[in-house]
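A.B. asks: Questions regarding the structure given below will be posed in turn.
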Amino acid sequence: MRIDKMLANLGYGSRKEVKQLLKSGAVKVNDVIVKDAKQHVDPNKETVALNGDVIEYKEFIYLMMNKPQGVLSATEDNSCETVIDLLELEDQVYEPFPVGRLDKDTEGLLLITNDGQLSHRLLSPKKHVPKTYFAVIDQEVTDADVRAFAEGVTLDDGYKTKPGELKILKSGLRSDIELTITEGKFHQVKRMFESVGKKVVYLQRISMGPLKLDETLELGEYRELTDEEIELLIEYQVK
Ligand code: URA
């Protein structure tokens with residue numbers, strides 16, 4: 001790729017500003033000053049340095065966030081903070097976006113990437129990627145609910161869901177459950193419980209396909225996926 005494009009992509013300025021940088025002699029490729037904005041570099045093989053500091057280039061970025069309540073799973077919004085606002089600027093320059101949506105009041109695992117193809121495949125209804133949620137329900141959850149979810153339940157708009165796997169962790173005046181679903185209809189978990197007359201009072205996503213929420217991440221924190229997690233995701237989406 002062209003050196004000016006690479007530097008601009010990484011957030012070192014507009015193409016024009018980057019041209020100035022190059023002109024000033026601040027950029028070296030393999031220890032040789034490069035002033036020509038049109039020069040091509042292979043960021044995987046050649047070392048590019050700016051003012052002596054080696055620049056790390058990657059095309060794609062893959063982040064796992066423990067989404068807190070109160071922020072939107074969107075890239076921008078006029079009135080509300082988004083998950084992208086929570087990222088460091090050095091990660092924002094990759095222009096990542098959340099893969100799918102969690103409600104404003106839902107916490108937990110959110111994948112954020114700029115890899116459109118991966119995102120598209122993970123969200124494709126044909127892929128049936130399982131997503132597991134932990135939830136607290138406002139009343140007793142019963143074996144009848146487990147059976148109803150296993151059959152598929154009818155939502156308020158008449159849509160019959162695909163089977164969901166409901167596990168009761170604790171049943172009582174409030175119940176703790178885990179629910180695995182393979183679709184992503186709007187407010188799906190909340191509406192599935194509404195269909196059996198119950199209310200979700202807390203919702204957290206704990207896994208998506210092969211990815212599990214890293215429990216060492218505090219709410220609002222994020223980290224890059226490990227190489228192993230990226231491989232798992234890539235293997236998963238080509239299946
Ligand atoms: N189901 C919901 O109801 N909300 C979410 O955020 C995710 C799944």
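The values are calculated or read from the model by the stated rules, or taken from the named source; none is laboratory data. Everything numeric here is computed off the predicted structure, so don't read it as measured data. Here the Cβ is made from the backbone with ideal geometry for all residues, glycine too, and neighbour counts use every protein chain on show.
A.B. asks: Please verify whether GLY25 is modelled with pLDDT under 95 and more than 26 Å from TYR202 (Cα to Cα), treating the condition exactly as stated.
C.D. replies: It is false that GLY25 is modelled with pLDDT under 95 and more than 26 Å from TYR202 (Cα to Cα).
A.B. asks: Tell me whether the stretch 219-237 contains one or more residues that are touching a Ser or Thr at 6+ places or on another chain (Cβ under 7 Å), buried (at least 16 other Cβ atoms within 10 Å of the Cβ) and at pLDDT 95 or above.
C.D. replies: No, because not a single residue in the stretch 219-237 is touching a Ser or Thr at 6+ places or on another chain (Cβ under 7 Å), buried (at least 16 other Cβ atoms within 10 Å of the Cβ) and at pLDDT 95 or above.
A.B. asks: Considering (1) within 16 Å of the ligand (Cβ to nearest atom); (2) in contact with a strand residue (DSSP E or B) (Cβ under 8 Å, 6 or more places away or on another chain), say which one LYS160 fails and leave the rest.
C.D. replies: LYS160 satisfies all of (1) within 16 Å of the ligand (Cβ to nearest atom); (2) in contact with a strand residue (DSSP E or B) (Cβ under 8 Å, 6 or more places away or on another chain) except (1).
A.B. asks: Sticking with this one: Can you name every one of the helices (runs of 4 or more DSSP H) wholly within the stretch 1-95 that holds 1 or more residues which are in contact (Cβ under 8 Å) with a residue 60 or more places away in the chain?
C.D. replies: 3-9, 89-92
A.B. asks: Go through the stretch 216-239 and report how many residues are touching a residue at least 60 places away in the same chain (Cβ under 8 Å) and either within 11 Å of the ligand (Cβ to nearest atom) or of a type in the set (D, E, K, R) (or both).
C.D. replies: 5
Listed here are the residues, each with its yes/no results for (1) among the small types (Gly, Ala, Ser); (2) within 16 Å of the ligand (Cβ to nearest atom); (3) within 19 Å of GLU215 (Cα to Cα); (4) touching a Leu at 6+ places or on another chain (Cβ under 6 Å).
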residue	(1), (2), (3), (4)
THR75	no, no, no, no
ASP85	no, no, no, no
LEU89	no, no, no, no
PHE97	no, no, no, no
ASP103	no, yes, no, no
LEU118	no, no, no, no
PRO125	no, yes, no, no
LYS131	no, yes, yes, no
ILE137	no, yes, no, no
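A.B. asks: Between SER119, SER124, which is closer than 20 Å to TYR62 by Cβ, crowded, with 16+ Cβ neighbours inside 10 Å and of a type in the set (Ser, Thr, Tyr)?
C.D. replies: Residue meeting the stated conditions: SER119.
A.B. asks: So which residues in the stretch 53-76 are at pLDDT 95 or above and either at positive phi or among the charged types (D, E, K, R) (or both), if there are any at all?
C.D. replies: Correct list: LYS67, GLY70.
A.B. asks: Tell me, which residue of the stretch 194-215 that is more than 30 Å from GLU231 (Cα to Cα) and free of Cβ contacts under 8 Å to residues at least 60 places away in the same chain is farthest from the ligand (Cβ to nearest atom)?
C.D. replies: Among those residues, the one meeting the criterion is GLY197.
A.B. asks: Looking at the stretch 23-38 only, could you name the residues that are within 14 Å of ILE55 (Cα to Cα) and among the hydrophobic types (A, V, I, L, M, F, W, C)?
C.D. replies: Result: ALA26, VAL27, VAL29.
A.B. asks: Going residue by residue through the stretch 169-176, is there one that turns out to be touching a strand residue (DSSP E or B) at 6+ places or on another chain (Cβ under 7 Å) and exposed (fewer than 14 other Cβ atoms within 10 Å of the Cβ)?
C.D. replies: yes
A.B. asks: Out of LYS212, LYS185, report the one residue that is surrounded by fewer than 18 Cβ atoms within 10 Å (Cβ to Cβ) and either over 15 Å from LEU102 (Cα atoms) or acidic (Asp, Glu) (or both).
C.D. replies: On inspection, the qualifying residue turns out to be LYS212.
A.B. asks: Oh, and also: Mind checking whether some residue in the stretch 191-202 is farther than 21 Å from GLY152 by Cβ and either within 21 Å of the chain's Cα centre (by Cα) or among the hydroxyl-bearing types (Ser, Thr, Tyr) (or both)?
C.D. replies: Checked the stretch 191-202: at least one residue is farther than 21 Å from GLY152 by Cβ and either within 21 Å of the chain's Cα centre (by Cα) or among the hydroxyl-bearing types (Ser, Thr, Tyr) (or both).
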